[in-house]
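Undergrad: Shown below is the structure under consideration.
The values are calculated or read from the model by the stated rules, or taken from the named source; none is laboratory data. Because the structure is predicted, anything quoted here is derived from the model rather than measured. Cβ placement follows ideal geometry from the backbone for every residue including glycine, while neighbour counts extend to all protein chains displayed.
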Amino acid sequence: MTLSIEDIAKVARLARLRLSPEELSQLGDQLGKTLKYIDILNEVETENVEPMAHAFDVENVFRADVVQPSLDRSVALSNAPKTDGKYFLVPQIIESGE
Amino acid sequence: MSYPNLSAIDLLKAMQNGEVTALEVTQKSLGQIETTDSKIRALLDTHAETALQAATDVDRKRRAGEQLGRLAGIPITLKDNICVTGQPASCSSRMLQNHVPVYDAHIVELLKKEDAVLLGRANMDEFAMGSSCENSAFQKTHNPWNTDCAPGGSSGGSAAVVAAGMVPLSIGSDTGGSIRQPAAFCGVVGVKPTYGRVSRYGLIAFASSLDQIGPFARNVTDAALLLEVLSGHDRRDSTSVDVPVPQLTANLDKPLEGLKIGIVAEHYREGLNEEVAQALTQAQDVYRSLGAEIKEVETPHARYGVAAYYIIAPSEASGNLARYDGVHYGHRAELAQGQNLVDMYELSRAQGFGTEVKRRIMLGTYALSSGYYDAYYLKALKVRRLIAQDFNTAFEQVDVILSPTTPTPAFRIGELVDDPLKMYLNDIYTIGANLAGIPAASIPCGSSSDGLPIGMQLLAPPFEEERLLRAARMFEQATTWSNRIPVQMGGNSI
């Protein structure tokens with residue numbers, strides 16, 4: 001399994017990671033080797049096997065829909081890189097339309 | 001006996017008998033940190049002030065005749081991925097370097113309720129991804145038995161603090177062996193409970209279907225006591241299982257009659273270090289001498305465990321770590337004029353995450369991406385079921401399974417950093433328990449010719465922690481491998 005620089009760059013975009021050309025090439029090489037090892041899974045016959053996403057079959061866990069105390073706004077914002085005291089601030093997303 | 005060698009049980013008795021105060025115990029612990037941690041670098045920081053205050057409160061309560069918790073006055077350290085209100089939790093990552101949790105993890109509430117003294121936070125591989133602690137963004141931790149060697153990982157700091165006699169107990173988390181492998185490398189006891197036994201509320205997520213919090217201790221009795229405290233249902237973790245908390249300590253010293261122990265022939269073929277194999281053979285003889293029957297069982301799909309794990313865990317991680325977007329908490333990149341929201345995401349994540357975390361996010365993103373989902377992710381989940389079924393079948397014939405914990409004793413720092421795949425193969429014996437959700441423990445069972453500890457792993461069916469730890473305790477009572485502290489750490493063993 002070899003991954004082209006384009007393949008790797010596409011995955012990095014999907015993962016929202018800006019990688020340098022050196023990182024792309026090194027990661028591509030290492031991921032290729034790891035995926036090659038992972039190919040041993042193809043030795044296993046899994047035709048009628050149910051996928052197992054959890055250790056034990058879990059069912060939906062419900063609770064009563066009752067209002068309970070939660071974090072104060074100031075506490076919830078306390079670790080944010082940028083706020084105005086009320087909201088999380090991000091770079092402008094919508095064009096101003098001028 | 002000097003402080004570093006005293007177990008939690010010893011210290012509890014000494015405090016109850018008035019031979020020592022909780023304040024003195026915490027001071028001793030801080031003293032041992034002072035003299036040893038400059039060499040080991042296991043702790044990212046200590047909370048001396050709050051710890052001394054908590055210890056003073058325990059002494060005051062005791063004098064007043066108030067009821068005290070089961071861990072009253074016992075110093076304990078937490079892995080850096082466990083949330084405590086007002087104390088940093090960084091996952092040893094630049095991404096969370098300035099993150100100060102605003103709530104207590106469920107297990108932190110339980111530890112506080114039992115009057116434990118929270119002493120500091122222990123180094124780890126970044127976001128629990130690694131087997132050597134070398135992936136920490138902040139420092140390398142050294143093995144107390146040989147400071148040129150790695151302590152294992154990802155809970156390497158938590159294993160090393162206990163091994164070096166700084167604290168009798170510590171907390172780790174185990175996603176593919178991250179408690180058991182460092183326990184084996186550092187010569188201490190480490191337990192990964194059944195999935196769902198301990199609430200993950202307040203544990204910073206890596207791979208949610210595999211992550212489980214568990215104890216480190218220098219002997220099985222201490223580990224049982226701590227696991228008893230940590231266990232129990234919590235509605236804030238929907239995978240936490242609502243079953244009664246087992247009485248792990250009550251019958252711990254009673255040997256299991258007619259114990260049947262499974263061994264897997266394949267474990268002893270390729271890749272296993274000779275001295276580890278020898279220690280395991282001797283462990284089997286110890287059990288035979290105690291009346292146990294050793295029986296061969298087969299787990300034919302176990303050899304696919306590492307491959308399945310390195311699809312499933314990175315896939316879950318790529319989703320869990322998507323939350324680090326520079327908005328709600330964590331690192332945000334400085335933006336130049338004209339850079340937009342996507343630039344902010346991509347640059348913040350590129351700057352905040354280290355190489356191994358990027359590697360796993362990339363692997364997981366690839367496995368889940370369009371066109372590869374069936375071939376990788378779904379295939380791995382099917383193999384996971386076959387691995388779990390192998391254990392079910394084996395446990396119809398035996399009560400527990402005995403295996404090596406790791407293929408070798410501790411490797412040297414730097415030895416495997418350039419070969420991720422070789423590092424991943426360190427988890428070959430431990431990963432099965434996470435995939436199947438079953439409880440497993442690593443117990444010291446020998447020493448290499450270089451004086452490095454060797455660990456053995458016991459595995460049991462789901463929710464059979466009592467059986468697991470009683471089987472471990474049988475071995476411990478018949479041998480002298482537990483409770484050892486390297487003499488260069490002020491302990492009793494060379």
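Undergrad: Exactly one of these conditions fails for A:Phe88: (1) within 21 Å of the chain's Cα centre (by Cα); (2) modelled with pLDDT under 95; (3) at the interface with chain B (Cβ under 9 Å from one of its Cβ atoms). Give me its number.
TA: (2)
Undergrad: May I pose another question? Please pick out the residue among B:Val398, B:Val383, B:Val327 that is at the interface with chain A (Cβ under 7 Å from one of its Cβ atoms) and in contact with a strand residue (DSSP E or B) (Cβ under 7 Å, 6 or more places away or on another chain).
TA: Going through B:Val398, B:Val383, B:Val327 in turn, the sole match is B:Val327.
Undergrad: Same structure again: Taking segment A:57-79, which residues are among the basic types (Lys, Arg) and loosely packed, with under 10 Cβ neighbours inside 10 Å?
TA: Hit for segment A:57-79 is A:Arg63, nothing else.
Undergrad: Something else about it: Taking the residues in segment B:283-301 that are within 22 Å of B:Ser447 (Cβ to Cβ) and more than 25 Å from the chain's Cα centre (by Cα) as candidates, determine which candidate is surrounded by the fewest Cβ atoms within 10 Å (Cβ to Cβ).
TA: By that ranking, first place goes to B:Ser289.
Undergrad: Sticking with this structure for a sec: Is there a residue in segment A:12-24 that is more than 8 Å from every other protein chain (Cβ to nearest Cβ) and part of a loop (DSSP other than H, G, I, E, B)?
TA: There is at least one residue in segment A:12-24 that is more than 8 Å from every other protein chain (Cβ to nearest Cβ) and part of a loop (DSSP other than H, G, I, E, B).
Undergrad: Any residue at all in segment B:28-49 that's buried (at least 17 other Cβ atoms within 10 Å of the Cβ) and over 25 Å from the mean Cα position of the chain (by Cα)?
TA: So far as segment B:28-49 goes, no, none of its residues is buried (at least 17 other Cβ atoms within 10 Å of the Cβ) and over 25 Å from the mean Cα position of the chain (by Cα).
Undergrad: Given the conditions (1) buried (at least 24 other Cβ atoms within 10 Å of the Cβ); (2) closer than 23 Å to B:Thr393 by Cα, report the number of the one that B:Gly214 does not fulfil.
TA: (2)
Undergrad: Continuing with the same structure: Starting from segment B:318-347, take each residue that is on the phi < 0 side of the Ramachandran plot and list its partners that are of a type in the set (Lys, Arg) and part of a helix (DSSP H, G or I), counting only C-beta distances under 7 angstrom and pairs at least six apart or across chains.
TA: Close Cβ pairs satisfying both conditions: B:Tyr324/B:Arg349; B:His331/B:Arg94.
Undergrad: Let me ask something additional. Read through the list (1) of a type in the set (A, V, I, L, M); (2) closer than 24 Å to A:Leu77 by Cα; (3) buried (at least 24 other Cβ atoms within 10 Å of the Cβ); (4) touching a His at 6+ places or on another chain (Cβ under 8 Å), then give the number of the only condition that B:Leu119 fails.
TA: (2)
Undergrad: Next question. For B:Ala333, work out the one condition from (1) hydrophobic (A, V, I, L, M, F, W, C); (2) buried (at least 20 other Cβ atoms within 10 Å of the Cβ); (3) more than 8 Å from chain A (Cβ to nearest Cβ) it doesn't fulfil.
TA: The single condition B:Ala333 does not satisfy is (2).
Undergrad: Pick from segment A:25-56 the residues that are exposed (fewer than 14 other Cβ atoms within 10 Å of the Cβ) and more than 24 Å from the chain's Cα centre (by Cα): which of them is nearest to the other protein chains (Cβ to nearest Cβ)?
TA: A:Glu50
Undergrad: Tell me yes or no: at least one residue of segment B:375-398 is within 17 Å of the chain's Cα centre (by Cα), under 28 Å from A:Leu35 (Cβ atoms) and not in a loop (DSSP other than H, G, I, E, B).
TA: No, segment B:375-398 has no match at all.
Conditions (1) more than 7 Å from every other protein chain (Cβ to nearest Cβ); (2) farther than 25 Å from B:Cys133 by Cα; (3) surrounded by 15 or more Cβ atoms within 10 Å (Cβ to Cβ), marked per residue:
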position	(1), (2), (3)
B:Leu341	no, yes, yes
B:Glu346	no, yes, yes
B:Gly352	yes, no, yes
B:Glu356	yes, no, yes
B:Asp374	yes, yes, no
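Undergrad: Tell me yes or no: at least one residue of segment B:24-42 is in contact with a Ser or Thr (Cβ under 6 Å, 6 or more places away or on another chain), modelled with pLDDT of 95 or more and among the small types (Gly, Ala, Ser).
TA: Scanning segment B:24-42 turns up at least one residue that is in contact with a Ser or Thr (Cβ under 6 Å, 6 or more places away or on another chain), modelled with pLDDT of 95 or more and among the small types (Gly, Ala, Ser).
Undergrad: If you don't mind, there's one more thing I want to ask. Only one residue in B:Gly437, B:Gly451 is at positive phi, touching a strand residue (DSSP E or B) at 6+ places or on another chain (Cβ under 9 Å), at pLDDT 95 or above and away from chain A (no Cβ under 14 Å), so which one is that?
TA: Of the residues listed, the single one that is at positive phi, touching a strand residue (DSSP E or B) at 6+ places or on another chain (Cβ under 9 Å), at pLDDT 95 or above and away from chain A (no Cβ under 14 Å) is B:Gly451.
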